[in-house]
Structure formats: structure tokens, C-alpha cells
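Read the figures in this text as sums done on the coordinates, not as results from a lab. Values in this document were obtained by computation on a predicted structure and should not be read as measured data. Ideal geometry is used to build each Cβ from the backbone, glycine not excepted, and the neighbour counts take in all protein chains shown.
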Amino acid sequence: MMPDANGIALEARDLRKAFGGVHAVDGCSFAVPRGKICGLIGPNGSGKTTTFNLLTGLAQPDGGQVLHDGVDIAGLKPYRIFRRGITRTFQITRVFREMTVLENMLSVTGLAVPDRVARERAGELIALVNLTHLRGEYGGRLSYGQQKLLEFARALMTDPDVILLDEPAAGVNRTLLQQLLEQIHRLQETGKTILIVEHDMNVIMNHCERIFVMDYGVKIAEGPPSEIQGNERVIEAYFGRRQSGVVHAG
Ligand SMILES: Nc1ncnc2c1ncn2[C@@H]1O[C@H](COP(=O)(O)OP(=O)(O)O)[C@@H](O)[C@H]1O
Ligand SMILES: [Mg+2]
């Protein structure tokens, strides 16, 4: 894939999506630089997951554009966006419960009979997230944290260019989280672009180079962690009206 001139991998331009009277995403714009780890944060209900759905074709935007390498992909079917090299994980995991860990991995290859290359890659990625001892176990029998790790590994099966992670740390224990973060950095080192929605502010503030903050469906702030932590609009969004969430890294 040819990177575009200004080094933007994925861009949302004035994205809009309403559900009935709820303006979940209400004119949201941000640009994810190629090869960086970025964070998308905001209070509960601010529109983060809906934005991910719009970026990946799971929801059709009411308006606006999604640019991947400068090409508008808004409204394309999920599989077409997936084939462009954009993949994601889900806030609520979508692991196949009646498939084993290995079968879950192979399910995204599109091959009726996965070849040796696919099997080897699956094995390597399963090892990467420390699930080798569970490769024959059914997805439905994994803990929530293990399912998140399996989803992460599965997202890498197709060697994507852009990886969107919706709350990857939720329910994952500290040791595994550390390994997950190492993997995320390793992906970045190989030139991948990563956008993370996450409530764990340690993850966001310590691992993202740039942070986009949403509230009520719009971006209210953008910058490096040092700027976002002290940003008054961000603090107000988290503490002012809702009395929930934390913006500081502990
Ligand atoms: N499928 C849907 N139908 C109706 N309302 C929805 C739907 N998805 C999201 N919403 C609403 O849109 C708003 C944004 O939700 P969401 O994108 O899930 O926020 P976040 O991920 O930031 O918590 C919320 O008010 C939520 O209730
Ligand atoms: Mg969400």
C-alpha cells in the first residue's frame, strides 16, 4: 500500500452517525499518522466504539469521510475495508465460542483448508500472546482476558497495516497486559499504525504518542499525553458532568 504524501494512515473527516435522536458521532475529525500508536479516549458514551464501527464498515456513516491512504472508504462493506489492511478487535470480544483457539485464528484467513503457512503463523501468534497451552481449547472456555488476547492475535493473522483496538486491556491481567503492550510496540516498530480505545489511562498516557479525546460525538482535544493530561476541556469532560473516569496516569 502506498503511503500518502502527508503520512496519514487513517483519517476521519466530519464523521456523523445518529441512532434515532442520539448523535453518537456528531462531526468528528482526526488523523492518525502512519506508523504511530495513537489513543482515542473519552467518557462512556462519547462515541468511541461507534467511531471504530464507522472506520471499519460495521456502521454506515450518515455523513463525512474515512480516508485510508487518502482514499475515501466510508460506507464500504467490512470485508472490503478488512482487505485493504485495516483490522480491529472488539470491546465485547467476538471470539467463536465453538471453535478452538487455533480454529479461531485460522477462521480469518479466508482459506477453506488453511495451508501450512497459515498454521505456522497461527502457532507463532498464539505463542506471542502466551496461549499455546490453550490452542486446542474452545473459545467459549477462555477467560475474558484470554479472549481479548486471542482476538488481538487473530487480528494480526492477515498482517494488517492499520490495527484498531477497542479496550484491549480490559480484563487482561497485569503480566499479560505488559506482554500485549510489548507486542503493540513491536508492531509499531515494523511500521504498523495502531489506534487504541482504552479506559486504562496508564496504557494511554504511557504508550500513545498522540491522543484524540471525544465527548458527545466530537473531538474536543488532541495532542501528546503531556498536553492532554492537563487539558481543561478534557478534565471537565471526565469530571465536570459525569463524576466518572480518571485522566491521570497513576
Ligand atoms: N446501535 C446503537 N443503537 C442506539 N444507540 C447507540 C447504538 N450504538 C451506540 N449508541 C449510543 O451512541 C452513544 C455512543 O456510544 P458508543 O459509541 O458505544 O460510546 P463509547 O464507546 O465512547 O462508550 C451512546 O449514547 C450509545 O448509547
Ligand atoms: Mg465503547
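Remarks
- Region 1-127 has equivalent-ellipsoid semi-axes of 29, 19, 14 Å, by the square roots of 5 times the alpha carbon gyration tensor eigenvalues, sorted largest first.
- Listed pairs LYS17/LYS219; LYS17/LYS192; LYS17/LYS77; LYS77/LYS192; LYS148/LYS219 exceeding 18 Å between Cα atoms: LYS17/LYS192; LYS77/LYS192; LYS148/LYS219
- When the chain is described by a simple charge dipole with +1 on each Lys and Arg Cβ and -1 on each Asp and Glu Cβ, the residue from PRO43, ALA170, THR193 located farthest towards its positive end is ALA170.
- Each Lys and Arg Cβ is given +1 and each Asp and Glu Cβ -1; about its Cα centre, region 23-111 then shows a dipole of about 200 debye.
- Degrees separating the helix 144-156 axis from the principal Cα axis of the chain, which is the longest one: 80
- Taken one residue at a time, the phi angles of region 106-117 give Karplus couplings (6.51, -1.76, 1.60, θ = phi - 60°) of 6, 5, 8, 6, x, 9, 5, 10, x, 7, 5, 4 Hz. Gly and Pro are set to x.
- Rg/Rh for region 137-250, where both radii come from Cα atoms and Rh is the Kirkwood radius: 1.00
- For GLU222, the shell of other residues with beta-carbons less than 12 Å away shows a net charge of +1, using +1 for Lys and Arg and -1 for Asp and Glu.
- Normalised per residue, the volume of the convex hull around the Cα set of the chain (Å³): 130
- Looking at the chain, the DSSP beta bridges with both ends there are about 60 percent antiparallel.
- Under the convention that each Lys and Arg Cβ holds +1 and each Asp and Glu Cβ holds -1, the size of the dipole of region 86-129 around its Cα centre is about 140 debye.
- The charge dipole of region 8-240, taken about the Cα centre with unit charges on the Cβ atoms of Lys, Arg (+1) and Asp, Glu (-1), comes to about 600 debye, rounded to the nearest 20.
- Taking all Cα pairs closer than 8 Å and separated by 6 or more residues, the relative contact order of the chain comes to 25 percent.
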